[in-house]
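Trainee: Got a structure for you, questions after.
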Amino acid sequence: MVKFFESSYTYDYSFPAVTLAYFLRYPNPYSTHVLSTDVISRTIDEQGRLKTLRIHRKSSRLPSAVLKLLPKSVLGNISGGRSESYILETSTIDVKEGSMRTESKNLDWTGILSVVEKQEYQRKVPDDEGDDFNVAAGRTGVVTTVMFRSRLGDRLRARANRKDEAREEVEEKKGFLASWSTSGIQRSIESIASRRTENQLGKSKEGMKIVLERLRSGGLVGVLEGMRKDREMAFGGESVWKHS
């Protein structure tokens, strides 16, 4: 089963400024759950497009409703409902076209829920904007599409059908599925994820706006100073957050 979520928004800032803010958006007051960001690779292809592969380490909390839905054998090692997870992000910037396309997907919990977020940023000003990083000029639109897919029901059913599965484990899954059908489990998890994603996208937009305003008022120095203060507020003097 697959569930989609889509939203659109327009930033009143130039395309170069928005793309710069995108790569400098962590940390900010709305992203205290992001612990680190690392660049895996960065290349320019034959068409002159900049391609970047990054990985984000985040502290995440499973909703209590999900914890109640899942048996302990599926949950694994969870402390207080919180665990660390990794997000793989790819991005492609086409300066000539004035566009940036990104894709982010979770590397953990894929057996329970796979989340793929795609964003398309598009310049909404004349081509003569060039590489001007003056954030006071121009507008940039973004369309965000998120796809959720829960494979948990299929996973439980497949494990129960294995001939070499221990009888007690099969009985556990049968008892679990007695009150929740396979499709019901999938729909519940996807619906919870959709609601959380809608809330998180709102926070992500507000975080971007803070970074963009720092660019407007203080330039790159203002952004870096804001990042330093955000790290101190979120993690204290001994910051565990890092950016590379």
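Trainee: Can you list the residues, at least 5 places off or on another chain, whose amide H is less than 5 Å from the amide H of ALA137, using H built in the peptide plane?
Mentor: Amide H to amide H, under 5 Å and 5 or more residues apart or across chains, ALA137 pairs with SER14.
Trainee: Do the alpha carbons of any pairs in LYS96/LYS205; LYS51/LYS205; LYS96/LYS124; LYS118/LYS203 sit beyond 20 Å of each other, and which pairs?
Mentor: Values: LYS96/LYS205 25 Å; LYS51/LYS205 22 Å; LYS96/LYS124 13 Å; LYS118/LYS203 17 Å.
The pairs that break the limit, which is 20 Å between Cα atoms, are LYS96/LYS205; LYS51/LYS205.
Trainee: Please compute the modelled spin-label separation between THR10 and SER114, points set 7 Å along Cα→Cβ, answer in nm with one decimal.
Mentor: 3.6
Trainee: Same structure, new question: Contour minus end-to-end for THR145 and THR52, with contour as 0.36 nm per residue of separation and end-to-end as the Cα-Cα distance? Working shown, then result.
Mentor: Working: separation 93, 0.36 × 93 = 33.48 nm, distance 1.97 nm.
So the chain would gain 31.5 nm between THR145 and THR52.
We did not get these values from a lab; they are worked out from the coordinates using the rules stated. None of the values given here were measured: they were computed from a predicted structure. Every residue, glycine as well, gets a Cβ built from its backbone with ideal geometry; the counts of neighbours run over all protein chains shown.
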